[in-house]
Amino acid sequence: MANSSSATIVEVDLATYSKFNVKGVKWVNPDDHDEGTVPVTFNVNSDVTVPKFWSDANALTLLYDEIPMGFDSFRGSIGEGRIFIKTGKGITIKGPIHGGPREGQTFTGSGTWLQG
């Protein structure tokens, strides 16, 4: 992955999740970071329901070559205080979380990337 930025999963008031949002940023111009970033969101629909989880602000790593907007699939794992997601478009989201399953489990699903 050529580019790296931060992301956050925000806590919502539900006991379990099968849908959640990953909020991050992508570089406007990866070759010139002075041009800043724009917000991106991955609205996730998972194939399994897991106990409530969230991350600290900007604690997750978002790795990408490009983040095209629109539909994307994913596979990954969650548990033991970590999350790892790899999308069909080659984007990786990973890092520490609070809550979630005590033991690791795999999950798959799909979502939509939005900018702004």
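Of note:
- Leading residue by the ranking (nearest to Asp65 (Cα to Cα)) among those in segment 21-38 that are out of contact with any Leu (no Cβ under 9 Å at 6 or more places or on another chain) and assigned to a strand (DSSP E or B): Trp27
- Residue count for segment 15-35, restricted to those that are in contact (Cβ under 8 Å) with a residue 12 or more places away in the chain and over 15 Å from Asn45 (Cα atoms): 6
- The residues in segment 30-49 that are closer than 20 Å to Thr112 by Cα and not small (Gly, Ala, Ser) can be counted, and the count is 12.
- Members of segment 58-83 found to be hydrophobic (A, V, I, L, M, F, W, C), under 14 Å from Phe42 (Cβ atoms) and part of a strand (DSSP E or B), listed by number: Leu60, Leu62, Leu63, Phe71, Phe74, Ile83
- Taking segment 39-55 as the range and being in a strand (DSSP E or B) and of a type in the set (S, T, N, Q) as the test, the residues that pass are Thr41, Asn43, Asn45, Ser46, Thr49.
- In segment 31-60, the qualifying residues are those that are farther than 11 Å from Thr8 by Cβ and among the hydroxyl-bearing types (Ser, Thr, Tyr), and the one that is surrounded by the most Cβ atoms within 10 Å (Cβ to Cβ) is Ser46.
- Subset of segment 97-116 (residues that are part of a loop (DSSP other than H, G, I, E, B) and either among the polar types (S, T, N, Q) or farther than 28 Å from Ala2 by Cβ (or both)): Gly100, Pro101, Arg102, Glu103, Gly104
Condition check ((1) at pLDDT below 95; (2) closer than 28 Å to Thr16 by Cβ; (3) out of contact with any strand residue (DSSP E or B) (no Cβ under 7 Å at 6 or more places or on another chain)) across all residues:
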{"position": "Asn29", "(1), (2), (3)": "yes, no, yes"}
{"position": "His33", "(1), (2), (3)": "yes, no, no"}
{"position": "Val40", "(1), (2), (3)": "no, yes, no"}
{"position": "Trp54", "(1), (2), (3)": "no, yes, no"}
{"position": "Glu66", "(1), (2), (3)": "yes, no, yes"}
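- Subset tally (residues that are in a loop (DSSP other than H, G, I, E, B) and either crowded, with 19+ Cβ neighbours inside 10 Å or among the basic types (Lys, Arg) (or both)) for segment 84-96: 2
- Residue check for Val22: under 19 Å from Ser4 (Cα atoms) and under 11 Å from the mean Cα position of the chain (by Cα): yes
- Leading residue by the ranking (surrounded by the fewest Cβ atoms within 10 Å (Cβ to Cβ)) among those in segment 61-79 that are under 18 Å from Thr49 (Cβ atoms) and not basic (Lys, Arg): Ser77
- Test result for Asp65, acidic (Asp, Glu) and over 17 Å from Lys26 (Cβ atoms): no
The values are calculated or read from the model by the stated rules, or taken from the named source; none is laboratory data. Here the structure is a predicted model, which means the values were calculated and not measured. Ideal geometry is used to build each Cβ from the backbone, glycine not excepted, and the neighbour counts take in all protein chains shown.
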